[in-house]
1. Roughly how big is the chain's charge dipole about its Cα centre, with Cβ charges of +1 (Lys, Arg) and -1 (Asp, Glu), in debye to the nearest 20?
2. Would you kindly derive the ³J(HN,Hα) couplings of segment 195-208 from the backbone phi angles with the Karplus curve 6.51 cos²θ - 1.76 cosθ + 1.60 (θ = phi - 60°), listing them in order in whole Hz, with x for Gly and Pro?
3. So how long is each side of segment 8-153 along the principal axes, counting just the alpha-carbon atoms, biggest first, in Å?
4. What do you get for Rg/Rh of segment 158-217 when both radii come from the Cα atoms and Rh is the Kirkwood radius?
5. Rounded to the nearest 0.05, what FRET efficiency do Glu111 and Ala188 give with R0 = 25 Å and r taken as the Cβ-Cβ distance? Could you check?
6. Add -39500 (n - 2.57) for each DSSP H run of 4 or more in the chain, then divide by its residues: what number comes out at 222 nm, to the nearest 500 deg cm²/dmol?
7. Express in % the proportion of alpha carbon pairs of segment 92-218 at distances exceeding 24 Å.
8. Could you list which residues have their amide H under 5 Å from that of Glu34, counting only those 5 or more apart in sequence or on another chain, with H placed in the peptide plane?
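What follows is calculated from the coordinates using simple rules that are stated; it is not laboratory data. What you are looking at is a predicted structure, and each value in this text was computed from that prediction instead of being measured. For neighbour counting, all protein chains shown are included, and Cβ atoms are generated from backbone atoms with ideal geometry for every residue, glycine included.
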Amino acid sequence: MTAREDLIRVVIADDHPILREGLMRLLEDDGGFEVVGQAADGAEAVRLAREQQPDVLLLDLAMPRASGLDALRELSASGAGPKVLLLTVAIDDAQIVEALELGARGVVLKEAATELLFKAIRSVVAGQYWVGRDLVTDIVRLLRERRATAQRRRPTPAERLTAREREIVAAVAAGASNREVAQRLALAEDTVKHHMSNIFDKLGVSNRAELASYAASHGLTEPPPSDAGDTKS
């Protein structure tokens with residue numbers, strides 16, 4: 001039995017086999033799609049996309065070995081490939097911008113209704129873009145808007161600190177040594193050193209004096225409230 005030429009050929013890439021099987025049944029029951037492959041990770045998705053040459057690759061964002069963005073990046077670097085539609089639980093504006101710039105044709109949330117997914121697939125096959133619940137005709141404007149939104153929402157270096165790291169910053173700003181910080185917070189000294197390395201990277205400082213100065217100028221000289229988040233080592 002030969003495949004019908006009017007069917008949209010699809011590869012599904014997701015690390016959850018139950019979701020892949022369920023999605024395959026939904027697509028093939030519709031009568032307008034043919035699932036020609038399933039991948040459990042980003043590396044396998046790239047391989048199947050090249051071997052099967054589907055019309056559309058439904059690509060989960062979070063997968064082992066290589067993420068959806070990693071797979072998209074590799075497919076983009078190689079030139080020709082299927083139209084990629086990211087299928088994900090959640091995605092932020094920065095990731096949407098990156099995905100579209102890497103060549104993705106759209107993004108659909110997994111919570112979307114089945115008919116919305118079918119519409120998104122058909123839209124990208126027809127040369128359109130699809131983001132969230134909407135068909136997109138002006139991709140340049142969308143990219144500009146999403147990039148601006150992502151930049152506005154980008155956390156400051158201080159906001160990237162965990163509650164434990166903020167405790168350590170406050171202690172260092174008060175003049176405590178690594179050993180004293182370890183004793184005060186009931187941590188191993190090597191754990192404190194590891195946290196200090198992360199803190200230096202996040203704040204862009206290179207020594208304790210710069211860290212103390214940063215803490216003083218950014219309101220980090222006091223430890224966070226006890227309900228500010230998980231403080232476990």
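1. 620 debye
2. Once θ is set to phi - 60°, the couplings for segment 195-208 become 4, 4, 4, 5, 5, 4, 5, 5, 8, x, 10, 10, 7, 5 Hz.
3. Largest first, segment 8-153 extends 40, 31, 26 Å along its Cα principal axes.
4. 0.91
5. So, using R0 = 25 Å, E works out to roughly 0.05.
6. -15000 deg cm²/dmol
7. Result: 51 percent of Cα pairs exceed 24 Å.
8. Ile8, Arg9, Val10
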